[in-house]
Structures are given as C-alpha cells and as structure tokens.
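Here's the structure, in structure tokens; my notes come after.
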Amino acid sequence: MDASLLEQSEKCIECGICVKQCAFLKKYGTPKKIADNWQVHDEASLKMAYACSLCSLCTAVCPVKIDPRQMFLEMRRYAAASGRADFSAQALLMNFEKRGTSRRFSFYGLPVGCDTVLFPGCALAGTRPQRVMQLFDHLQGFFPNLGIVLDCCTKPSHDLGRSAYFHGMFAEMQQYLAGHNIKNILVACPSCYAVFSQYGKRLTVRNVYEILAREFWQSEPQLPAAPVTIQDSCVARFEKSMQDSVRKLIQARGVAFEEMKHHRKKTLCCGEGGGAYFVAPELAGNWAEMRKSEVAGKRIITYCAGCAHFLGKVGPTAHLLDLLFDPAAVLAGRAKVAKSPFTYLNRLLLKWKFKRKIEYGFSRERIFTCEE
Ligand code: SF4
Ligand code: SF4
Ligand code: SF4
C-alpha cells in the first residue's frame, strides 16, 4: 500500500493525460493528488477507491510508466483487511460469485488421462451455454481427454480487495487441479485469463482464442455484411497475442472489421470493471457514453461476456463465440443470449449435460468455502 502511494506521489508529474480520459480522475484529481490526500482514517478516502473501474487505461497512457490502478486496488485491499469496507452496495456481485463457487453450480469433470480442462467462466456459461458446449466439442478434437471445470475464478472478490477470501478460494481450486495432474487450463473469459495468469503458477493458462486461431479455424469467403468493430476487454489491454488472435478469427470467418479510436492497449472499459457501477454508476456509465461516440452504429464484437452484456446498451453487441459458431445469426441480429434469472437455470442445465456427457475418472462439486 505505502509503496504504491509513494510511487504515485513521487513519480506522477501531473501531466493530466490519464485525467483527460477518465471520469473518476476528473472527479478526484491526478493520481499524485489522490495519493497525497489519502488518509487511512477517512471514510471518504476508503470509499473513493471503489469508484475506480480498475481498467488500467491510466497505466497504459502514463508517460512515466507508473501504475495508478494498482494503487486503487491496494486501497481497496486496505479497506477490506481493516474491516472498514462496506460491501452492501456490491451484494449482487458477491452473490453472483458465491453461486458460481457453490456445490449447486460448480462441477469438475476430469476424464481418465486428462491433463487439460476448459474453464468457460460463469458469465459465458450462463448467457451462452450452447456456445460452451460447442467450444468444448471443438476443443476435444485437439485435446481428446479434455475435462471441464464449471466454477468461478473469484475475480469479483479479488477486485473488491477481499484478498484473504480470494486467495483461499483460488488456492483450493488450484490445489485440486494440480493434485489431479491437470497442467493446462483453457479459458474463454479475459478476466479468468488474467486471474490464472497472475496466480495460477502451478498451471499453464491458455486462452481459447489463440488456440482456435492457430489450430482450428479455416479462412472462409468474405460475407456480404457491413464491417463490425471490436471491443477489447480492458482486462486484456496488454494481451497483444489474444487481441491478434481475435482479429484473425473475425477475418477468417469472412467478416470485415474497423477499429474504434480506443482499441487494444488503449481500449475503454465497458462500464463493468471493478464493480464501480454499484457505487458510482455515473462514473462507470461514462465509459459506455465514450464508447457510444466511437461505435458509429457498427455491430460490436467482443470476447468478454461481461462486455457483451454492458455494451448491449450502446448498440448491437455479440460475443466472438456467437460469431464463430453462428455468423449468420449474429449478422442478422438474431444471436440468442439469456438474461438473468435464466442464466442461472442455464448453468444448472449445462452442468447436468456435462455430468452425463463423458465418463469421468474424477469429478466433484465444490463444497469448500473460505472464512469471509
Ligand atoms: S477508472 Fe481506469 S483509468 Fe480511471 S483511475 Fe481507475 S484504472 Fe485508471
Ligand atoms: S499520466 Fe501518469 S504522470 Fe500523467 S497525471 Fe496520469 S499518472 Fe500522473
Ligand atoms: S471473471 Fe470470469 S469466471 Fe469470474 S465472475 Fe467474471 S466471468 Fe465469471
């Protein structure tokens, strides 16, 4: 915490480049000003960090290469560890995560000889269970003993600063997988990718888009459709090879695309980042407004189920997996996407189907939970 405050305080030259892009910084000031004014015992200081979207755009544009996002995450961790964070506003997010890790919704299915599992993430499984199954079937062609893990990576708790809970839950998941000889984890959600890359040191994490782009997808003739545009997830802003793969897949599917002003490393948050919309909807909503001005009526293709949901308010938005498996439906605006509460029903049905799909050597529903 102190090191992060010190970095902003000593190295930020207050050039204002990050402030120009971000409604949160426009409200609270430069990272140096925030660091210098932050007070351990001040309730407003503790609350303020929860209004940041943790999107890292400030980090991406900073000419002196400091990391304000890390400071806001450390502030959240401090608030949570000292027992002074009030999470009542984020109860919905915490319940979403809790269901994902519960015995009812979780399922680990590991066939005999399995060393690789697909981890689709809870948002994709709820909104697009059919795509998860298609993706699994497709990947099975390359990983014959592929296993499935329906669980949550607990990034919501990570981002809320609930470090003890996050580390306890993640460690137990990793221990189970590594203890059953799982070496590779294939993820479809950029947030899950970020979590497994940073903390899953006993596993090799790969995102499915790189695998699909390298191993499976054949080029198809150009479809007669207007160009789409691409929303890079803010969590994946520094993941160049994931971004390249996404573009390669869209092209290979015969769909032309045009970039928005903010793309790749300088992409904009969709508004979901860091759960900021629960405490500061007007600040988080500003990202969507900025996006709206750049989309210019084009269909948005994204590889994050969270972005697909949030940007639905901005304009027609589809997940890349929808485009890959059913391009005609996406381009005609007919791709089927479930909304809550049906997303929970979908996840139960998906679990039921996976339980019956394969003969597993090991399987479990998760009963472990950490002290809050
Ligand atoms: S919202 Fe994004 S750009 Fe603004 S301070 Fe937070 S991490 Fe940086
Ligand atoms: S871009 Fe970097 S140096 Fe400039 S105000 Fe932001 S944090 Fe400070
Ligand atoms: S990070 Fe992935 S698995 Fe975790 S809550 Fe978000 S979508 Fe679900």
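What residue, among those in the stretch 2-18 that are within 6 Å of ligand 2 (Cβ to nearest atom) and within 27 Å of the chain's Cα centre (by Cα), is farthest from ASP67 (Cα to Cα)?
Only one residue tops the list, namely ILE17.
Condition first: of a type outside the set (Lys, Arg), within 21 Å of LEU223 (Cα to Cα) and surrounded by fewer than 22 Cβ atoms within 10 Å (Cβ to Cβ). Now tell me which residues in the stretch 235-249 satisfy that.
ASP244
Is it the case that CYS12 is away from ligand 1 (no atom under 11 Å from the Cβ), touching a Pro at 6+ places or on another chain (Cβ under 6 Å) and either not assigned by TED's automatic domain parsing to the domain that holds ASN286 or not hydrophobic (A, V, I, L, M, F, W, C) (or both)?
Working: away from ligand 1 (no atom under 11 Å from the Cβ): yes; touching a Pro at 6+ places or on another chain (Cβ under 6 Å): yes; either not assigned by TED's automatic domain parsing to the domain that holds ASN286 or not hydrophobic (A, V, I, L, M, F, W, C) (or both): yes.
So CYS12 passes the test.
Suppose the filter is surrounded by 20 or more Cβ atoms within 10 Å (Cβ to Cβ), over 22 Å from GLU97 (Cβ atoms) and either more than 21 Å from the chain's Cα centre (by Cα) or at pLDDT 95 or above (or both); does LEU268 pass it?
When the stated conditions are applied, LEU268 passes them.
Do we find that ALA89 is touching a residue at least 24 places away in the same chain (Cβ under 8 Å), in contact with a Phe, Trp or Tyr (Cβ under 7 Å, 6 or more places away or on another chain) and open to solvent by 30 Å² or more (accessible area, probe 1.4 Å) in this structure?
yes
Can we say LYS20 is in a helix (DSSP H, G or I) and more than 11 Å from ligand 1 (Cβ to nearest atom)?
no
Just to be sure before I move on: is GLU43 in contact (Cβ under 8 Å) with a residue 12 or more places away in the chain and more than 9 Å from ligand 2 (Cβ to nearest atom) in the structure I sent? Steps first, please.
On the way: in contact (Cβ under 8 Å) with a residue 12 or more places away in the chain: yes; more than 9 Å from ligand 2 (Cβ to nearest atom): yes.
Criteria met by GLU43.
Scan the stretch 1-29 for residues that are farther than 18 Å from ALA280 by Cα and free of Cβ contacts under 8 Å to residues at least 24 places away in the same chain and jot them down.
Matches in the stretch 1-29: ASP2, ALA3, GLU10, GLU14, GLY16, LYS20.
Could you list, in sequence order, all residues of the stretch 106-130 that are assigned to a strand (DSSP E or B) and either within 16 Å of ligand 1 (Cβ to nearest atom) or of a type in the set (S, T, N, Q) (or both)?
THR116
Quick one: how many residues across the stretch 286-305 are open to solvent by 60 Å² or more (accessible area, probe 1.4 Å) and outside any helix (DSSP H, G or I)?
2
Condition test on VAL255, is it in a helix (DSSP H, G or I), in contact (Cβ under 8 Å) with a residue 12 or more places away in the chain, of a type in the set (A, V, I, L, M) and open to solvent by less than 30 Å² (accessible area, probe 1.4 Å)?
So VAL255 does not fit the description; no.
If PRO68 meets every condition in (1) open to solvent by 30 Å² or more (accessible area, probe 1.4 Å); (2) touching a helix residue (DSSP H, G or I) at 6+ places or on another chain (Cβ under 7 Å) apart from one, which number is that one?
Checking PRO68 against (1) open to solvent by 30 Å² or more (accessible area, probe 1.4 Å); (2) touching a helix residue (DSSP H, G or I) at 6+ places or on another chain (Cβ under 7 Å), the one that fails is (1).
Every residue in the stretch 330-342 that is part of a helix (DSSP H, G or I) and touching a helix residue (DSSP H, G or I) at 6+ places or on another chain (Cβ under 7 Å), please.
First, the residues of the stretch 330-342 that are part of a helix (DSSP H, G or I): 330-331, 342.
Scanning the stretch 330-342 gives a single hit, VAL330.
With the requirement that a residue be open to solvent by 30 Å² or more (accessible area, probe 1.4 Å) and within 11 Å of ligand 3 (Cβ to nearest atom), what does the stretch 99-118 give you?
The one that is open to solvent by 30 Å² or more (accessible area, probe 1.4 Å) and within 11 Å of ligand 3 (Cβ to nearest atom): ARG99.
Among the candidates LEU345, LEU311, LEU324, LEU283, single out the residue that is without any contact (Cβ under 8 Å) to a residue 24 or more places away in the chain, of a type in the set (A, V, I, L, M) and assigned to a helix (DSSP H, G or I).
LEU345
Output the number of the condition that ARG347 fails; it satisfies all remaining conditions of (1) buried (at least 18 other Cβ atoms within 10 Å of the Cβ); (2) assigned by TED's automatic domain parsing to the domain that holds LEU139; (3) more than 21 Å from the chain's Cα centre (by Cα).
Of everything listed in (1) buried (at least 18 other Cβ atoms within 10 Å of the Cβ); (2) assigned by TED's automatic domain parsing to the domain that holds LEU139; (3) more than 21 Å from the chain's Cα centre (by Cα), ARG347 misses just condition (3).
Scan the stretch 1-55 for residues that are closer than 20 Å to ASP159 by Cβ, of a type in the set (Ser, Thr, Tyr) and open to solvent by less than 50 Å² (accessible area, probe 1.4 Å) and jot them down.
Within the stretch 1-55, SER4, SER45, TYR50, SER53 meet the criteria.
The values are calculated or read from the model by the stated rules, or taken from the named source; none is laboratory data. Source: prediction; values computed, not measured. As a convention, Cβ positions derive from the backbone with ideal geometry for all residues, glycine included, and neighbour counts pool all protein chains shown. Just so you know, the surface numbers come from the protein's heavy atoms only, side chains and all, with ligands and any DNA or RNA stripped out. Shrake-Rupley method; radii C 1.70, N 1.55, O 1.52, S 1.80 Å.
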